[in-house]
Amino acid sequence: MRKSKKERQACLQETIKENPFVTDEELANEFNVSVQTIRLDRMELAIPELRERIKYVAEKKMQDEVKSLPIEEVIGDIIDIELDKSAISIFDVKKEHVFTRNGIARGHHLFAQANSLAVAVINDEMALTGKADIRFVHPVKEGDRVVAKAKVIRSEKLRTIVEVASSVGNEVVFQGEFSMFRAPSSEKEEKNETGN
């Protein structure tokens, strides 16, 4: 049985509060209404569209937590991060990211998303990629949403190993292991202690 408009809008608000990254299409399916109805509901409730919600959460996360690079240098939108542990970003593949001949995403965009996420997860003023072991598993096309998940697997004094797996839906499309060099600030501290 269909919900009344009032009930639907109350449920819609709750659903978006729980998952700010739910799409209008997913909401339309859940409430058995058209995408246009969902858009009208959102407008009446002053709920911004998905892109704006992602941008807001990403900017807040970046400002509050990320130390190793400026927000404009991250490829994709960070939606969750716990420094020196894990991070998640979303990258929407657009026309400018694909080859015109076949509509397949250029690999350097997937690498850049994963690499910038590996940098962002480092809890230091600066982090540099020393080495990357990467694998492109499946082609990505225009219109796909790539979700990259980074996980710190080992951390030493000046080096951190970060694994990144990127997926479209439930399918892994990219995997990488990044060897990250941390800021030389700890070297400065050592020099100050030894007097050099």
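Extension gain for Lys6 to Ser155 (0.36 nm times residue separation, less C-alpha to C-alpha distance): 48.5 nm. Looking at region 1-40, the trypsin sites (Lys or Arg not before Pro) that sit in a DSSP loop and have at most 15 other Cβ atoms within 10 Å of their own Cβ are Arg2, Lys3. Here is the list for region 65-167: GluC sites (Glu not before Pro) lying in DSSP coil, each with at most 14 other C-beta atoms within 10 angstrom of its C-beta, are Glu125, Glu156. 3J(HN,Hα) along region 14-21: 5, 4, 5, 5, 6, 9, x, 9 Hz, from the Karplus curve 6.51 cos²θ - 1.76 cosθ + 1.60 with θ = phi - 60°, whole Hz, x for Gly and Pro. Once you have a ≥ b ≥ c as the square roots of the Cα gyration tensor eigenvalues for region 5-47, tell me rounded if a/c is under 1.5, and otherwise prolate or oblate according to whether a/b is larger than b/c. Since a/c stays below 1.5, the shape of region 5-47 is classed as rounded. Loop-located trypsin sites (Lys or Arg not before Pro) across region 123-160 with a Cβ neighbour count of 15 or fewer within 10 Å are Lys157, with loop assigned by DSSP.
Going by a ≥ b ≥ c, the root eigenvalues of the Cα gyration tensor, does region 66-186 fall in the rounded group (a/c under 1.5), the prolate group (a/b larger than b/c) or the oblate group? Cα axes put region 66-186 in the prolate bin.
Please rank Asp133, Asp84, Asp77, fewest neighbouring Cβ atoms within 10 Å first, as an exposure proxy.
Asp133, Asp84, Asp77
Only lysine pairs 8 or more places apart, or on different chains, with alpha-carbon atoms under 21 angstrom apart are counted in region 66-186, and they number 16.
Rule-based calculations on the coordinates, nothing more; no lab input. Every value quoted in this text rests on a predicted model; they were computed, and no experiment measured them. Cβ sites come from the backbone with ideal geometry, for glycine too, and all protein chains shown count toward neighbours.
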